[in-house]
Structures are given as C-alpha cells and as structure tokens.
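Worksheet: one structure, shown below.
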Amino acid sequence: MADCRLYICTPPALDPATFAPLLEQALDGGDVACLQLRLKDVDDDTVRRAIDVLRPITQSRDVAFILNDRPDLAAETGCDGVHVGQTDWPYAKARKAVGANAIVGVTCHDSRHLAMEAAEAGADYVAFGAFYPTTTKPSHYRPEPELLEWWSEMMEVPCVAIGGITAENCAPLVQAGADFICVVTAVWNHPEGPGAGVKALNAAIEAAAAG
Ligand SMILES: Cc1ncc(COP(=O)(O)OP(=O)(O)O)c(N)n1
Ligand SMILES: Cc1ncsc1CCOP(=O)(O)O
Ligand SMILES: [Mg+2]
C-alpha cells in the first residue's frame with residue numbers, strides 16, 4: 001500500500017495574524033503534505049493578505065501551499081497550486097492559469113466519471129468525498145471506501161479522501177488506498193491544539209497502513 005499522507009485545509013474564516021501561530025503548531029506537529037487556504041465569502045485583497053502571511057510559513061517547511069477556488073490568485077501570489085471544484089474554473093482553464101509545474105486538484109465527489117475525466121485532462125490529484133458527515137461543507141455525496149480501492153488499483157493519479165475524517169475513522173480510507181487524507185475540523189478543533197491534531201492523525205494513518 002502506497003504511503004498515505006495528511007492534507008489540511010484551513011477553516012473558511014480566519015485572521016492571518018492570530019491564525020499564523022496555530023498554523024506553525026499544526027505544521028510542526030508532524031508530516032503534512034499540503035496546506036490548502038480555503039477562505040470563503042471574502043474579497044480578493046483579504047485572500048492576498050492571508051496568502052502573504054501563511055504561504056511563507058507553509059513553504060518554509062516544505063509543505064505545498066494550495067489555494068482553493070482561484071487559479072488566477074494562485075498564479076499571481078506564488079502558490080504551489082490550486083484546488084477547483086465542479087462549480088469553479090474548469091480544469092483546463094485552471095491549468096492554463098497556473099502553468100504546467102503547479103499542482104491542480106479537482107473535486108470529484110463520488111464520481112468515477114468525473115475523476116477519470118480530471119485525470120485524463122492532467123489533474124495532479126482527484127478528491128473524493130464527503131466520506132463522513134461534516135458541518136464544514138455539508139455534502140449529500142457519500143462515497144464508500146471501495147471507490148478509493150477501485151481508483152488506487154486502476155489509476156496512477158493520486159486520490160484525496162475528504163469529509164468528516166478524524167483519527168478515529170480514517171483507517172478504512174487509508175486501507176482502501178487513499179493517497180491523502182484531507183481534514184479541517186480534526187486538526188483545528190483538536191482539544192489539545194492543532195499540533196496534537198496533526199500528531200494524532202499521523203499516528204492513525206501509520207497504524208492503519210501497518211494494518
Ligand atoms: C482537497 C479538497 N477536496 C474537495 C474540496 C471541495 O472543493 P469544492 O467542491 O470546490 O468546494 P469548496 O471547498 O470550494 O467549498 C476542497 N476544497 N479540497
Ligand atoms: C472542503 C470539503 N469538501 C468536501 S467535505 C469538506 C470539508 C471537510 O471538513 P472536515 O474535515 O471538517 O469535515
Ligand atoms: Mg471550490
């Protein structure tokens with residue numbers, strides 16, 4: 001089984017100055033492959049200010065800094081890539097904006113078809129979810145771990161599992177072949193802080209991979 005790694009999205013609202021130390025705690029808590037800045041309902045300059053503060057913290061730790069929704073801003077501000085959903089920029093337009101060397105990830109919900117389309121177009125990862133109930137982004141999609149198993153057996157493009165994932169429930173997704181486990185609440189709302197959240201998730205991923 002390929003190694004599964006942790007992928008974290010920020011909360012949808014944050015103050016960069018007060019969030020920065022929390023991000024440092026999270027990234028210093030253990031292995032994190034990617035951080036996605038996922039701000040919602042804010043203007044472009046608010047996004048830019050958050051990128052200016054959080055991108056250096058992330059990239060200085062060799063963690064990829066991904067921007068949600070906005071390939072134009074990602075290209076303008078030195079992000080490592082962008083994540084687009086089915087109602088955002090289409091993959092081809094996103095790729096044109098960020099270039100061949102950036103990361104472009106695509107939301108594919110519970111759909112083999114959407115994922116194969118994205119992979120064939122050149123996406124660097126496909127994201128399936130929500131695997132569990134979540135209030136962070138309510139979703140009526142509820143894929144089964146078997147989708148991850150099928151994808152990882154059939155396709156080379158990495159897959160991300162997202163949606164209500166915690167240290168307690170991630171094992172079936174890791175064992176099914178998820179290349180990345182993406183979380184929001186399990187890190188930022190951990191009772192002992194985001195560093196403990198990262199540590200707990202990495203321990204759970206490692207235990208699941210060891211079978
Ligand atoms: C890694 C990852 N997977 C899925 C999503 C959801 O993207 P999208 O469907 O565009 O919804 P919003 O996050 O934009 O509300 C994601 N952001 N990241
Ligand atoms: C962005 C996104 N897309 C599907 S579920 C989700 C949010 C996941 O957040 P949490 O890990 O708190 O359930
Ligand atoms: Mg989106």
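The values are calculated or read from the model by the stated rules, or taken from the named source; none is laboratory data. The structure presented is a predicted model; accordingly, all values stated were derived computationally and were not measured. Neighbour counts are summed over all protein chains in view; Cβ atoms, including those assigned to glycine, are modelled from backbone coordinates with ideal geometry.
Under 8 Å between Cβ atoms, which residue pairs at least 6 apart in sequence (or on different chains) link something in the range 185-203 that is under 15 Å from Y7 (Cα atoms) and free of Cβ contacts under 8 Å to residues at least 12 places away in the same chain with a partner that is of a type in the set (G, A, S) and buried (at least 20 other Cβ atoms within 10 Å of the Cβ)?
Short answer, once both residue conditions are applied: none.
Test of understanding: among L73, L114, which residue is under 23 Å from V53 (Cα atoms), within 16 Å of ligand 3 (Cβ to nearest atom) and not aromatic (F, W, Y)?
Details: L114 fails: under 23 Å from V53 (Cα atoms).
Among L73, L114, only L73 is under 23 Å from V53 (Cα atoms), within 16 Å of ligand 3 (Cβ to nearest atom) and not aromatic (F, W, Y).
Take the range 107-122 and flag every residue that is within 16 Å of ligand 2 (Cβ to nearest atom), of a type outside the set (G, A, S) and part of a helix (DSSP H, G or I). I'd like the intermediate steps shown before the answer.
Going through the range 107-122, the residues within 16 Å of ligand 2 (Cβ to nearest atom) turn out to be 107-111, 114-115, 118.
Pick out the ones that are also of a type outside the set (G, A, S) and you get 107-110, 114.
Once the filter is applied, which keeps residues that are within 16 Å of ligand 2 (Cβ to nearest atom), of a type outside the set (G, A, S) and part of a helix (DSSP H, G or I), the range 107-122 yields only L114.
Report every pair of residues separated by at least 6 positions or lying on different chains whose Cβ atoms are under 7 Å apart, first residue within the range 149-172 and crowded, with 22+ Cβ neighbours inside 10 Å, second among the polar types (S, T, N, Q) and not in a helix (DSSP H, G or I).
G163/T134; G163/S139
Going through Y141, Y125 one at a time, which residue ends up being within 24 Å of L39 (Cα to Cα) and surrounded by fewer than 22 Cβ atoms within 10 Å (Cβ to Cβ)? Show your work before the answer.
Working: Y125 fails: surrounded by fewer than 22 Cβ atoms within 10 Å (Cβ to Cβ).
Every option except Y141 fails the conditions.
Any residue in the range 52-64 that's at positive phi and at pLDDT below 95: show its pairings with residues that are charged (D, E, K, R) and surrounded by fewer than 15 Cβ atoms within 10 Å (Cβ to Cβ) at Cβ separation under 6 Å, as long as the two are six or more apart or on different chains.
So the pair list comes out empty.
Would you check which residues across the range 178-198 are surrounded by fewer than 20 Cβ atoms within 10 Å (Cβ to Cβ), more than 16 Å from ligand 1 (Cβ to nearest atom) and of a type outside the set (A, V, I, L, M) and list them? Don't jump to the end; show me each part of the working.
Filtering the range 178-198 down to residues surrounded by fewer than 20 Cβ atoms within 10 Å (Cβ to Cβ) leaves 185, 189, 191-193, 195-196.
After this cut, where a residue has to be more than 16 Å from ligand 1 (Cβ to nearest atom) as well, the list is 189, 191-193, 195-196.
Result: N189, P191, E192, G193, G195.
Just to check your reading of the model, which residue among L67, L6 is closer than 18 Å to P194 by Cα and touching a helix residue (DSSP H, G or I) at 6+ places or on another chain (Cβ under 7 Å)?
Working: L67 fails: closer than 18 Å to P194 by Cα.
Criteria check complete, one pass: L6.
Taking D41 as the residue in question, decide whether it is within 16 Å of ligand 2 (Cβ to nearest atom), of a type in the set (D, E) and more than 17 Å from V184 (Cα to Cα). Break it down stepwise before answering.
Numbers: within 16 Å of ligand 2 (Cβ to nearest atom): yes; of a type in the set (D, E): yes; more than 17 Å from V184 (Cα to Cα): yes.
Yes, satisfied.
Residue by residue through the range 1-34, note down the ones that are among the hydrophobic types (A, V, I, L, M, F, W, C), more than 15 Å from the chain's Cα centre (by Cα) and in a helix (DSSP H, G or I).
Going residue by residue through the range 1-34, those that are among the hydrophobic types (A, V, I, L, M, F, W, C) are 1-2, 4, 6, 8-9, 13-14, 17, 19-20, 22-23, 26-27, 32-34.
From what's left, more than 15 Å from the chain's Cα centre (by Cα): 1-2, 13-14, 17, 19-20, 22.
Within the range 1-34, A17, F19, A20, L22 meet the criteria.
Would you be able to tell me the number of residues in the range 32-45 that are farther than 20 Å from G164 by Cα and in contact with a Leu (Cβ under 7 Å, 6 or more places away or on another chain)? Working first, answer last.
Taking the range 32-45 first, the residues farther than 20 Å from G164 by Cα are 41-45.
Then keep just the ones that are in contact with a Leu (Cβ under 7 Å, 6 or more places away or on another chain); that gives 44.
Counting residues in the range 32-45 that are farther than 20 Å from G164 by Cα and in contact with a Leu (Cβ under 7 Å, 6 or more places away or on another chain) gives 1.
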